[in-house]
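Asks: So that we are looking at the same thing, I have put the structure below in structure tokens.
The values are calculated or read from the model by the stated rules, or taken from the named source; none is laboratory data. This is a predicted model, so every value here is computed, not measured. Please note: Cβ atoms are built from the backbone with ideal geometry, for glycine as well, and neighbour counts cover all protein chains shown.
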Amino acid sequence: MVNESAIFVRGLKKSYTSKANGSKDAVAGIDLDVSRGEIFAILGPNGAGKTTTVEILEGYRNRDGGEVKVLGQDPAKLGTDSWAWRNRIGIVLQSTNDSQDLSVAETVHHFANYYSNPRDPEAVIHEVGLTDKAMARIQTLSGGQRRRLDVALGIIGNPEILFLDEPTTGFDPEARRAFWDLIHKLRDEGTTILLTTHYLDEAEALADRVAVIVDGKILEVSTPENLGGRNTAKARISWLENGLKQEIESDSPAAEVVKLSSRFGGEVPELTVIRPSLEDIYLKMIGQV
Ligand code: ATP
């Protein structure tokens, strides 16, 4: 049980049929392995198949083919185990509809009742930064506050695995940082986390590994540091000389900087040494640069 992977996916397939486009493969044979305690991010452009994949793992969509195990069980074949399995997972969907007339505190308390071992509702409300809004009706919350409530409802059940579909959309920078701290804390407590995000800095700050999906297929699974050969990519060195910006690329930036420094007899004006960011590498991978 201890060594069992949290998520195991082989050859996952899903297609949708519409009058306009006929049959379209949204997920075209995906393999995934997520270990317990890991933070795993799925990246990909709009329509790549991220939400379809995640919702199949959550048991909210049927698949056409492939093998899926989440916490050792097939989400499409839960039968009488459904409640016991749902009790172990937490979900933050892209959008949630619930009773707009209830207050934040009422909603979080209400959801806590669905689980056998919930977290403390007041602590959860505090952790997502909604203590000041605990008595406010949901319909009066801003978009970002509403999203924080979604996160609260995802973690209230003290899940072993947490699914987050674009969790920080609409968050201000402070709320995003607080959310990242919360996710790290949950991971330190042993929670497995699968998230989709369009924010590359979020993937870099949170994920142990990322998968890039395009057109329903995985292009690569790697750490954020090594994705697309990022760790071995050339560094760009730039500096100011005779009033003009100079730029070179190098595999050995330290040696270049030493050479420059000796040529300038000390400090090199406006010196920068940059490796490609995760966003640079990602955009190259998906063919956008
Ligand atoms: P986004 O980043 O925009 O959320 P995504 O990677 O999550 O995109 P999906 O929502 O999984 O992508 O969609 C994958 C493809 O399947 C898209 O082409 C989409 O139009 C199509 N699709 C998704 N849901 C349905 C549906 N219920 N009926 C028909 N087609 C669908």
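Asks: Filter region 212-248 for residues that are more than 30 Å from residue 49 (Cα to Cα) and of a type in the set (A, V, I, L, M, F, W, C); which is farthest from the chain's Cα centre (by Cα)?
Replies: Among those that are more than 30 Å from residue 49 (Cα to Cα) and of a type in the set (A, V, I, L, M, F, W, C), it is 244.
Asks: Just checking, how many residues over region 48-90 are within 27 Å of residue 219 (Cβ to Cβ) and touching a Gly at 6+ places or on another chain (Cβ under 6 Å)?
Replies: Residues meeting the conditions: 4.
Asks: Considering region 157-166 alone, what residues qualify as being within 16 Å of the ligand (Cβ to nearest atom) and surrounded by fewer than 22 Cβ atoms within 10 Å (Cβ to Cβ)?
Replies: The answer is 166, and nothing else.
Asks: List every residue pair whose Cβ atoms lie under 6 Å apart, where the two residues are 6 or more positions apart in sequence or sit on different chains, the first residue falls within region 218-233 and is within 23 Å of residue 26 (Cα to Cα) and in contact (Cβ under 8 Å) with a residue 24 or more places away in the chain, and the second residue, located anywhere, is in a helix (DSSP H, G or I) and aliphatic (A, V, I, L, M).
Replies: Filtered contacts from region 218-233: 219/285.
Asks: Do the conditions hold for residue 89, that is, is it closer than 25 Å to residue 36 by Cβ, at pLDDT 95 or above and under 25 Å from the mean Cα position of the chain (by Cα)? Give the steps one after another, and end with the answer.
Replies: Details: closer than 25 Å to residue 36 by Cβ: yes; at pLDDT 95 or above: yes; under 25 Å from the mean Cα position of the chain (by Cα): yes.
Considered against the rule, which asks whether it is closer than 25 Å to residue 36 by Cβ, at pLDDT 95 or above and under 25 Å from the mean Cα position of the chain (by Cα), residue 89 comes out as yes.
Asks: Can you find a residue in region 88-103 that is in contact with a helix residue (DSSP H, G or I) (Cβ under 6 Å, 6 or more places away or on another chain), within 16 Å of the ligand (Cβ to nearest atom) and polar (S, T, N, Q)?
Replies: Yes, region 88-103 has at least one match.
Asks: Go through 194, 182, 219 for me and flag whichever is under 20 Å from residue 151 (Cβ atoms) and surrounded by fewer than 21 Cβ atoms within 10 Å (Cβ to Cβ).
Replies: 182
Asks: Now a separate question. For region 139-162, give me the residue count where each residue is part of a helix (DSSP H, G or I) and among the hydroxyl-bearing types (Ser, Thr, Tyr).
Replies: First, the residues of region 139-162 that are part of a helix (DSSP H, G or I): 139-140, 143-155.
Checking the rest, the ones that are also among the hydroxyl-bearing types (Ser, Thr, Tyr) come to 140.
Of the residues in region 139-162, 1 are part of a helix (DSSP H, G or I) and among the hydroxyl-bearing types (Ser, Thr, Tyr).
Asks: Here is a follow-up. Of the numbered conditions (1) assigned by TED's automatic domain parsing to the domain that holds residue 35; (2) of a type outside the set (Val, Ile, Thr); (3) surrounded by fewer than 23 Cβ atoms within 10 Å (Cβ to Cβ), residue 146 satisfies every one except a single condition; which is it?
Replies: That leaves (1) as the condition not met.
Asks: I'd like to check something: does region 239-250 contain any residue that is β-branched (Val, Ile, Thr) and crowded, with 16+ Cβ neighbours inside 10 Å?
Replies: Within region 239-250, not a single residue is β-branched (Val, Ile, Thr) and crowded, with 16+ Cβ neighbours inside 10 Å.
Asks: Checking residue 80 against (1) farther than 19 Å from residue 6 by Cα; (2) more than 14 Å from the ligand (Cβ to nearest atom); (3) at pLDDT 95 or above, only one condition comes out false. Which one?
Replies: Status for residue 80: all satisfied but (3).
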